[in-house]
């Protein structure tokens, strides 16, 4: 029988379950063989990358957010 | 769900997690047979840059402390065997190599990064889990190995 209290409980459990977010996405550390390839690196072209960063900084008046994404071997 | 069954289920999960990583009867690492030795297990891959640093160091370790009872076991997690072989041809290590292309061992030991190494004492207990490899790590790791070798 669905009442307000039941609905609130279901909503609470659902939102708690979503807390794990994207934590299960992505590959395991030992499965990064393809990502470790040079052509899979996000900063494969450092000069272009720095130019893009400069443009981004100029337009946004902010920088960063380019953390460790999908590319690279993830070692160390 | 009633409280007691839920608590039992949670306890079972904790117990399972606590025993994960321990060697089963069909253990490719052959750890039960290595009791009495200090075992350095290192998970490596051909695509792992820091492994190019760790291999010469491990070879030196095996050579120097092998007589004292150190066994280095390097577990390869490459999907492609030929890439691992290429790496091995370059470094020609004389320590044991185990192949784990399916990642079964890697999963069992819950690797948090690459490379990961485990230092196991003479009683078969994991004393150290080390993620990554930098030149600065060599001293401390060698010291831990030496300490464990002293216990008989």
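Nothing in this text is a laboratory measurement; each read-out follows from the coordinates by a stated rule. Here the structure is a predicted model, which means the values were calculated and not measured. Here the Cβ positions follow ideal geometry from the backbone for every residue, glycine too, while neighbour counts run over all protein chains shown.
What list do you get for A:6, A:40, B:114 if you sort them by fewest beta carbons within 10 Å?
Details: A:6 10, A:40 15, B:114 29.
In order of increasing Cβ crowding within 10 Å: A:6, A:40, B:114.
Entry for region B:37-150 at q = 0.14, 0.19, 0.20 Å⁻¹: log10 I(q)/I(0) = -0.52, -0.98, -1.09, Debye formula applied to identical alpha-carbon scatterers, no solvent contribution. Sorted ascending by nearby beta carbons within 10 Å, beginning with the fewest, B:120, B:97, A:55 become A:55, B:97, B:120.
Each of B:122, B:89 was scored by other Cβ atoms within 10 Å of its Cβ. Listed from fewest to most, they are B:89, B:122.
With N denoting the number of residues in region B:22-88, provide Rg(C-alpha) divided by 2.2 N^0.38 Å, to two decimal places. Walk me through the numbers on the way to the answer.
On the way: Rg = 13.1 Å, N = 67, 2.2 N^0.38 = 10.9 Å.
Taking the Cα Rg and dividing by 2.2 N^0.38 Å, one obtains 1.21.
For chain B, with a Gaussian network of springs between Cα atoms less than 10 Å apart, report the residue from B:67, B:28, B:115 with the top mean-square fluctuation. The residue that fluctuates most here is B:67.
Over all directions, average the projected area of the Cα convex hull of region B:104-152 and note it in nm².
On the way: hull surface 14.8 nm².
So the Cα hull casts an average projection of 3.7 nm².
Each helix, a run of at least 4 DSSP H residues, gives -39500 (n - 2.57); summed and divided by the residues of chain B, these come to -13000 deg cm²/dmol at 222 nm.
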